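The values are calculated or read from the model by the stated rules, or taken from the named source; none is laboratory data. As the structure is a prediction and not an experimental result, all values here were calculated from the model. Virtual Cβ from ideal backbone geometry, glycine too; neighbours counted across all protein chains shown. SASA here: full protein model, heavy atoms, side chains in, ligands and nucleic acids out. Shrake-Rupley method; radii C 1.70, N 1.55, O 1.52, S 1.80 Å.
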Amino acid sequence: MVRARARSLVAVLALALLPLAACSDDPPPPTYSGAAYEDVAAQMQATLKVRAAGLRRHDVARFRRSLDRSDATLVGDQQVYFDNIEQLPVGKLRYLVDDATITPVEGTGDYSAEVTLVLRLDGYDAVPARTRGRFRFTPSSDGQGLVVAATTDRQWATDHPGNAQPWDLGPIRVEQAVGVLGIFDDDTVADAREVLDAASAGRYDVRSVVAADDSPVSSGVVVYAVRDAAFLRGLAGQTVGDPDRADGLTIAVPADSHDPARGVASYRVYLNPRVLTQQPAVLGRLVRHELTHATLGERARGVPLWLNEGVAEYVSVRPMAPDRRRLPAAALRVGAAATDLPGAAQFSGPDAEAWYAVSWWVCEYIASVYGEQTLFALLDRFRDGADQDEVVTGLLGVTSAQLVQRGVALMTTTYRG
């Protein structure tokens with residue numbers, strides 16, 4: 001819950017003018033210099049250390065000592081957060097206050113500051129993920145320090161999207177299988193076993209076809225299946241797929257949300273709750289599709305959409321008998337009119353599902369004619385955004401238009417033959 005008020009520029013300027021009218025015995029006004037808040041920063045960091053220790057050690061009493069316990073709503077909300085974190089396989093957890101962002105809250109003895117959470121899930125994150133939020137601190141009841149009065153700031157969060165995880169937003173239910181951490185809620189936990197089975201089996205199916213990328217990502221996978229998808233807002237550029245339309249998404253969790261150069265901590269999978277009641281074969285295929293994206297990871301960076309999605313579809317159907325590999329009804333119609341490999345416009349349009357199928361069958365054609373190793377060699381040639389025509393012609397000896405036509409021809413023969 002947001003209780004901090006944003007300071008206006010007028011208030012800041014007025015505060016800066018106070019020494020002109022103040023008596024010589026008055027203390028100097030606060031500034032935005034980190035050095036002016038060394039004591040405040042130390043008190044904040046001490047409180048955050050207590051908070052982190054309580055979470056790591058599953059010590060709720062210690063955790064509550066870091067809170068403004070006069071605020072029953074805050075305590076209730078933070079109890080939910082404690083219960084959520086308690087269920088996770090936490091390997092590392094600490095908080096760091098950025099003293100350069102400390103700001104006094106006008107008309108109170110409170111301060112706000114940006115705080116970095118460093119969190120690593122054992123077996124699922126290659127490195128800790130750093131995310132930022134804006135906390136508010138208030139004097140403790142004994143006046144000897146500061147305690148947490150708010151862990152969110154609505155305006156700050158609006159200006160800095162993409163930080164939230166499901167466990168930040170409401171109660172979760174955590175279930176695990178071999179190599180899979182499932183994040184559910186009260187509405188979706190009934191389907192946990194089917195999801196975990198699909199993901200656990202899918203990891204092996206995918207890795208039997210796809211070599212993992214060369215980044216140090218962990219072998220385990222986190223799967224989200226929660227009704228409240230608010231955490232997906234602001235993830236533009238971090239997902240493979242459209243968060244507003246997708247049945248499933250692969251999410252790249254940055255090692256540092258403010259520093260892309262640090263790379264990726266892990267890749268996680270989101271399943272839209274509407275797919276959880278699908279037949280096991282349908283759910284399994286979707287899960288394998290997303291796990292392919294997660295396994296490819298950085299290896300697929302810069303790859304054209306048709307190849308990225310086509311490879312994921314190609315891999316997702318490998319464990320299925322050929323007569324069980326469903327084709328969208330519109331695929332043959334759309335494919336018959338295709339004159340080139342699809343791009344972003346096709347994948348975001350009304351026939352997107354059909355274009356997934358066209359891309360899949362282009363990959364089937366490449367694998368059947370040139371060999372599966374050539375399909376993945378093509379993917380590697382595209383890494384970092386190489387020119388499509390040059391890569392296709394150079395490796396396959398055909399144009400992009402010829403390639404899509406041959407893929408469509410194989411699809412048509414297979415499903416109409």
**OP:** Under 12 Å from the Cβ of ARG268, count the other residues' Cβ atoms, weight Lys and Arg +1, Asp and Glu -1, and hand me the total.
**Re:** -2
Original post:
Dipole size in debye (nearest 20) for the range 90-134 around its Cα centre, Lys and Arg Cβ +1, Asp and Glu Cβ -1?
Top reply: 260
Original post:
Among GLY76, GLY407, GLY263, whose mean-square fluctuation peaks in a Gaussian network model of the chain (Cα, cutoff 10 Å)?
Top reply: GLY76
**OP:** Select from ALA261, SER208, ALA46 the residue farthest towards the positive end of the dipole of the chain; place +1 on Cβ of Lys and Arg, -1 on Cβ of Asp and Glu, and compute about the Cα centre.
**Re:** SER208
**OP:** Run the dipole for the chain about the Cα centre, Lys and Arg Cβ at +1, Asp and Glu Cβ at -1, nothing else charged, and hand back the magnitude in debye, nearest 20.
**Re:** 720
Subject >> Between helix 400-416 and the chain: long-axis angle, C-alpha atoms, 0 to 90°, nearest 10 >> reply: 70
Subject >> Gain in span if fully extended, SER368 to GLU86, counting 0.36 nm per residue against the direct Cα distance >> reply: 96.6 nm
Original post:
When ligands, DNA and RNA are left out and all protein chains stay put, how many square angstrom of accessible area per residue does the chain have with a 1.4 Å probe?
Top reply: 47
Subject >> Ellipsoid equivalent to the chain - semi-axes via the Cα gyration tensor, in Å >> reply: 50, 24, 17
Original post:
What's the local net charge at ARG65, with K and R +1, D and E -1, over the other residues with C-beta under 10 Å away?
Top reply: +3
Subject >> Percent accessible area from carbon and sulfur atoms, the chain, protein chains only, probe 1.4 Å >> reply: 51
**OP:** Per residue, how big is the convex hull around the C-alpha atoms of the range 135-189? Give it to me in cubic angstrom, could you?
**Re:** 152
**OP:** Report the local net charge at ALA113: Lys and Arg +1, Asp and Glu -1, summed over other residues whose C-beta lies under 12 Å from its C-beta.
**Re:** -2
Original post:
For the chain, what's the relative contact order in percent, using C-alpha pairs closer than 8 Å and at least 6 residues apart?
Top reply: 11
Original post:
In the range 270-326, with Lys and Arg counted as +1 and Asp and Glu as -1 at Cβ, which of these residues, VAL315, GLN278, GLY297, has the Cα nearest the positive end of the dipole, that is, farthest along it?
Top reply: GLN278
